[in-house]
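Trainee: Have a look at this one.
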Amino acid sequence: ILWQLNQEQMTSESKNHLENFKDMQKASPLLQQANYKLLAGSPPQEKKLLTIGISSEQHPNGSYLLGTLHSLFQASSEHELNCIVVLVLLSDPDPEWLRRTVGSISELFKPHIEAQKLLVIHGSLEDSPLPGDLNNSSHTPHCEAHYSRQKVNYALLMNFAVSLSEYFLIIEDYIHCTSKFISTIYWTLSAWKELPWAILEFSSLSLSGKVFHTSDLSRLSSLFLLFHKDIPIHVFLSEFRLLLTQNVPIRFSPSVFYHIGNYSAFEDTCFPVEKEEVFGEPDNPVASVLTDMMAEMNAIPQYAYTLNKECYSTLNPVRGNYLTVVLEKPQKVIRIEVLTGSDKKGLYWLQQGQVELGYDPLENSRGCTRYTLLGPLVEGNLDQRVFREEESVEELSCIRLLVLASQESWLVIRQIKVWTRHEEEES
């Protein structure tokens, strides 16, 4: 009861902060005076599902922008490209570099430009000096100048993108995209459409792979300009997520974006790179499995959790049915994967369901007293990182798969995989 009262108080306080935050002026006066120039292409006539935003400037080790664009278009089908627009902001003021870069993009990606799938712009705030005299960068420490310039560039990029689509994805200009990444994002956004979130992360990289609602971009752009110095952009985005009451990251596995090239001399100094974590095989800790669904073909609930080819099957699951993994002792779980359906995609999978994390175990291994949402199933599956709130010492005791809508068909729960972190790994 005390925990519930405390949570209600925290929720009330968070809502007050959120309302005050949303009352902030949506469009910064600086951005209202931003100067934009179309360098290639034109904005699409209809609103798209997703804008893929890239900010690019000259780099001492050479540019990978063309490689990034090639990877992006190569990894996507025509059908996938119909729901996106790629927006490239060339932020470097050097006219010769701009001329060469625009010429190369126009030559290599002419069909995409003509189809209004690729738009290249230049933006600046030249007539609107920022607070703190950003333009006087000769006396600004190296990293602070980078943080400031990067946030100004992304503010300009996001400000231009506000009306182009429903969602906005950031990728940097030296990124490799995996095949069908647009479909991965599309189906994930569909599953999360009715759920509250501020940032969805499709990569472990510090910046690339983050998706936002475009309705949040004006507010985020204004904050970039208000706090353009000192704080790295990835740290700033974590604070932005908290302002919108998303307490932990929502990160999907595996990553669909990776770095290409080598900017290490630049990044190691100012932008510590979060390397892709190698998880290895799942290590499902000892647990019992409970369900209120009727088994078919002599299946037992434990089959869903055992790391072999056995599976748990049932017929006609109804809304509210569950299958719960009750861990023998609380664990530091770092990743969970839930697979439903037969090996053939789309057959016997759970059409609407979600995975929840349970805490405070009940006696006699009968489940947990409270649960929080990890995420909905996407096309019958879930593969997500598990994060704890800052300063939280709680360890996970239950993993519950919940049926959200009745379906008249077989349901096969093929496997639940769990990865844990042991104390020696943390040290």
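Read the figures in this text as sums done on the coordinates, not as results from a lab. The model shown is predicted, which means the values in this text are computed figures rather than measured ones. We place every Cβ from the backbone using ideal geometry, glycine too, and count neighbours over all the protein chains shown.
Trainee: Of all GluC sites (Glu not before Pro) in the range 164-218, which ones are in loop regions per DSSP and have a Cβ with at most 11 other Cβ atoms within 10 Å?
Mentor: Details: sites: 166, 172, 194, 201; in loops: 172, 194.
Passing both the DSSP loop test and the Cβ count: 194.
Trainee: Using a cut-off of 10 Å between beta-carbons, work out the net charge of the residues near residue 248 (Lys and Arg +1, Asp and Glu -1, residue 248 not included). Could the numbers behind the result be given before it?
Mentor: Values: positive: 241, 251, 385, 388; negative: 389, 390.
Net charge in that neighbourhood comes out at +2.
Trainee: What does the charge count near residue 202 come to, summing +1 for each Lys or Arg and -1 for each Asp or Glu among other residues with Cβ under 10 Å from its Cβ? Working shown, then result.
Mentor: Details: positive: 210, 251; negative: 201.
So the surrounding residues net to +1.
Trainee: Moving on to the next point. Just to be sure I follow the rule: in the range 287-420, considering lysines 8 or more places apart or on different chains, how many pairs have Cα atoms under 24 Å apart?
Mentor: Numbers: 309/344; 309/345; 309/417; 329/417; 332/417; 344/417; 345/417.
The result is 7.
Trainee: Run the numbers for residue 242 and residue 372: contour at 0.36 nm per residue of separation, minus the present Cα-Cα distance, in nm. Don't skip to the answer; put the middle values down first.
Mentor: On the way: separation 130, 0.36 × 130 = 46.80 nm, distance 1.68 nm.
In short, 45.1 nm is gained.
Trainee: While we're looking at this one, here's another question. Give the residue from 373, 325, 339 lying farthest towards the positive end of the charge dipole for the range 287-420; charges sit on Cβ (+1 for Lys and Arg, -1 for Asp and Glu) and the dipole is referred to the Cα centre.
Mentor: Projecting each Cα onto the dipole axis, the largest value belongs to 339.
Trainee: Next question. Calculate, in nm to one decimal, what residue 124 and residue 294 gain on full extension: separation in residues at 0.36 nm each, minus their alpha carbon distance. Display every interim value, and only then the final one.
Mentor: Numbers: separation 170, 0.36 × 170 = 61.20 nm, distance 6.29 nm.
So the extension gain works out to 54.9 nm.
Trainee: Related question: Past 21 Å, Cα to Cα, is the threshold; run 37/117; 151/180; 47/193 against it and keep the listed order.
Mentor: On the way: 37/117 17 Å; 151/180 29 Å; 47/193 17 Å.
Pairs exceeding 21 Å: 151/180.
Trainee: Using the Kirkwood formula on the Cα atoms of the range 310-427, what hydrodynamic radius do you get, in angstrom to one decimal? The partial results should precede the final answer.
Mentor: Details: mean 1/r = 0.0670 Å⁻¹.
About 14.9 Å, per the Kirkwood formula over Cα pairs.
Trainee: In nm, what is the difference between 0.36 nm times the number of residues separating residue 116 and residue 77 and their Cα-Cα distance? Numbers along the way, then the final one.
Mentor: Values: separation 39, 0.36 × 39 = 14.04 nm, distance 1.54 nm.
Contour length minus Cα-Cα distance gives 12.5 nm.
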